[in-house]
Structure formats: C-alpha cells, structure tokens
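Only the coordinates and a few stated rules stand behind these numbers; no lab work does. Note that the coordinates shown come from a computational prediction; the quantities given were computed from them, not determined experimentally. Here the Cβ positions follow ideal geometry from the backbone for every residue, glycine too, while neighbour counts run over all protein chains shown.
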Amino acid sequence: MKRIITVQDISCVGKCSLTVALPIISAMGVEACVLPTAVLSTHTMFKGFTFRDLTTDITPVCEHWKKENIRFDAVYTGYLGSFEQIELMHTLFDDFGKDALKIVDPCMADNGKLYPGFTPEFALSMAKLCSKADVLVPNLTETAFMLDIPYPGRDYCKSDIENLLKQLADLGAKKIVLKGIEFDKPQPGLTDTKGKIGIASYDAATGNVGWYFHKKMPVNFHGTGDIFASVLTGALMRGLPLERAYALAGDFVAESIAETLKNENHNWYGVDFEAVFPYLLKRLSENG
Ligand code: PXL
C-alpha cells in the first residue's frame, strides 16, 4: 500500500483540510499519515475561531520519523499558517521528498481574496515553496497572488491561461493543475465549455497543455479545493495518469456539491462528500 504524508491544519468543524484529506485518501486505499500544522475550532470562515499553532511540533515529529526510517510515496502540503511553516516544508521536502511525489496546494485564497490572516508577502513565500513541487494545484486567485499580478476575475481567454501555466512552471513546479477556469465565450480548440468549470494542466518537461471541463454547480462551498487536491493525491498514488486524476477530482467535487444540495437543510460550511464515496470508488475501480 502506498503511504503519503499530508501537512495541513485540523479545523475541528468545517469539512476542510485534514478532516477531508484523511477520509478521502484512506478510502482510496492509500495510507494517509498526517502532520497537523494547527488546531482550529472551525475553519476561518466562521467568526471567533480558536487557533492553536503547532509549528514547534513539526521538527521533533519529523526527526522521530527520520530515526524510524519512515518513508512516504507522496508529500502533500495544504493550508500552512505562517512563514515559518513554509520554511519547515522546504526541509520536509528535502528530508522526505527525494523519492516521493511532492504535491503543493497553495491553499490561501479564493474569489480574488486572501483568506483571513494571509498577506501578499505570504503568497510570495508560498511561491518559493512551489519551486520544489512535482505537482502544483492552485486556483486562479492563488496564481495571481503568487505571480504578483492582478486577479483576472473572468476576464481571460485560453491563451491567457496558457500563459499563466507557463509562469507558474517558471516558479519551478514540474506539473501544474490550475482549477476554476470558466470561459464566457467559445475558445479555439476547446469544445463544450459553456456553463462548465474546468481545469488546465501543464507539463513543464513536455510543454503539453491539458484541459478538462465538468458541470458547474450553482453554489460554491468551502473546502472543495482541499477535496480536489486530496482526490488528486489519492488517484495519483493509485496509479492514474495526471489527466485522469484531475478529471476524477473535479467530477467528485461536482458530485459532492450536488449531493449536498439535495438536502435543503444542508450546512453552509462544507459539502457532504462522505455520501459520494461509492461514486469515487467505482470510478477508481474503472481507472478513473
Ligand atoms: O479550505 C481551505 C482552508 C483550510 N484550512 C483553514 C481554512 C481554509 C479556508 O478558509 O480556513 C483553517
């Protein structure tokens, strides 16, 4: 069985970060080890959340693993709470990433805005961590902050996105999976994008650009980026090629939102991804 380590916070209530990564990656038949960066009462979209920083635990935990000779097939980083934690992730990648797939979800912003507590300088520091990524999984907002360019909103075309992919690759990441692409107008060489939301990928070694569009749900939910990156990680560990892995991740997010919306009393803070595991496992058994 493949074994991965994922580094992100525990938001005790909120269906994001570790409370989605752990169940999803485990359900996909991959051992999910965790390194919590912080414990929050809820994610930061609630008011009045508590925040216990766990930075000082990271090095001793990693030292113990080194003594025990524990190895991982992937190192997947998500929400990080401070500059110091980003620095520690460089060390983690150096120590555990040599034979492992390094996946960076630069989780810090969406819809043109940074999440509470983050600054533009933090985004630039995250951009440096991306230099070590085998697979980088940003959205358009994170892309804009990391590249220090204006957020494009919906004002972009296919070649703008291809340009962004190349600029992200210039940070040093080997493969890019850029989420949340929506085109208002038809684009040359892309069919069936109307009313859809999608993913653009780039392989720096080959220059190949890939696209995948899936149905756009009427409501955005928190934590879906973490679900996407977790399914992607699990699928890559189960041997799916990148294009199939991100297609599965996008479809699973859409199915999770659809499932959530079936219940008119659904909560506002996260999606009912738990109910869609049969779909995920069926797709996985059919190789995506
Ligand atoms: O889903 C991303 C995320 C992860 N962790 C925490 C968050 C958020 C988004 O706001 O607040 C603590």
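Under the rule of -39500 (n - 2.57) per DSSP H run of 4 or more residues, summed and divided by the residues of the chain, what mean residue ellipticity at 222 nm is obtained, to the nearest 500 deg cm²/dmol?
Details: 9 runs with 113 residues, N = 288.
The helix contribution divided over the chain gives -12500 deg cm²/dmol.
Any chance you could check the Cα centroid distance between region 25-102 and region 265-288 for me, in angstrom?
24
May I ask which residue of 76, 55, 29 lies farthest towards the positive end of the charge dipole of region 1-81, with charges of +1 (Lys, Arg) and -1 (Asp, Glu) on Cβ and the Cα centre as origin?
With unit charges placed on the Cβ atoms, the residue in question is 29.
Considering Cα pairs under 8 angstrom that are at least six residues apart, work out the relative contact order of the chain and quote it in whole percent. Provide the component values of the computation, followed by the final result.
Numbers: 545 pairs, mean separation 47.1, N = 288.
About 16 percent, as a whole number.
Under the 0.36 nm per residue contour assumption, what length would be gained going from the current alpha-carbon distance of residue 82 and residue 285 to full extension? If you can, show how the numbers build up before the last one.
On the way: separation 203, 0.36 × 203 = 73.08 nm, distance 3.86 nm.
So the chain would gain 69.2 nm between residue 82 and residue 285.
Measure up 185/216; 128/179; 158/262 against 27 Å on the Cα-Cα distance and list the ones that go over.
In this structure, 158/262 lie more than 27 Å apart at Cα.
Are there chymotrypsin sites (Phe, Trp or Tyr not before Pro) in region 203-284 that DSSP marks as loop and that have at most 11 other Cβ atoms within 10 Å, and which are they?
Working: sites: 211, 212, 213, 221, 228, 246, 252, 268, 269, 273, 279; in loops: 221, 268, 269.
Answer in residue order: 268.
Could you check the simple spin-label distance between residue 174 and residue 54, using points 7 Å along Cα→Cβ, in nm with one decimal?
2.8
Among the aspartates and glutamates, which have Cα under 13 Å from the Cα of residue 66 when same-chain residues fewer than 8 positions away are ignored?
94, 95
Mind checking Rg over Rh on region 42-93, alpha carbons, Kirkwood formula for Rh? Numbers along the way, then the final one.
On the way: Rg = 13.5 Å, Rh = 12.9 Å.
With Rg and the Kirkwood Rh in hand, the quotient comes to 1.04.
Can you give the extra length, in nm with one decimal, that the chain gains between residue 277 and residue 167 once fully stretched, where that is 0.36 nm per residue apart less the Cα-Cα distance? Numbers along the way, then the final one.
Numbers: separation 110, 0.36 × 110 = 39.60 nm, distance 3.54 nm.
Working it through step by step, the gained length comes to 36.1 nm.
Less than 9 Å Cβ to Cβ from residue 30, Lys/Arg counted +1 and Asp/Glu -1: what total charge do the surrounding residues give? Before the final figure, lay out the partial values.
Working: positive: 2, 3, 238; negative: 31, 73.
Summing Lys/Arg as +1 and Asp/Glu as -1 gives +1.
Using the crude model of +1 on Lys and Arg Cβ and -1 on Asp and Glu Cβ, and no other charge, please compute the dipole size for the chain relative to its Cα centre, in debye to 20.
On the way: 29 positive and 35 negative charges, 103 e Å.
Rounded to the nearest 20 debye, it is 500 debye.
Quick one: compute a quarter of the convex hull surface over the Cα atoms of region 166-240 and quote it in nm². The partial results should precede the final answer.
Details: hull surface 25.1 nm².
Taking a quarter of the hull surface, the average projection is 6.3 nm².
Apply the Karplus curve 6.51 cos²θ - 1.76 cosθ + 1.60, θ = phi - 60°, to the phi angles in region 131-140 and return the couplings in whole Hz, x for Gly and Pro.
4, 9, 7, 7, 9, 10, 10, x, 9, 5
Relative contact order (percent) for region 28-131, with alpha-carbon contacts under 8 angstrom and 6 or more residues of separation? Present the calculation step by step, with values, prior to reporting the outcome.
Numbers: 94 pairs, mean separation 24.1, N = 104.
Once normalised by length, the contact order is 23 percent.
Scattering from the C-alpha atoms of the chain alone, worked out with Debye: what is log10 I(q)/I(0) at q = 0.07, 0.10, 0.13, 0.14 1/Å?
-0.23, -0.48, -0.86, -1.01
Given the pairs 15/98; 2/215; 2/196; 15/282; 67/174, which are separated by over 28 angstrom at their Cα positions? List each step's numbers first, then the result.
Working: 15/98 31 Å; 2/215 31 Å; 2/196 33 Å; 15/282 23 Å; 67/174 30 Å.
Listed pairs above 28 Å: 15/98; 2/215; 2/196; 67/174.
Could you compute the net charge surrounding residue 145? Neighbours are other residues with a C-beta less than 15 Å from the C-beta of residue 145; K and R count +1, D and E count -1.
Values: positive: 113, 128, 179; negative: 105, 110, 121, 142, 148.
Local charge sum for residue 145: -2.
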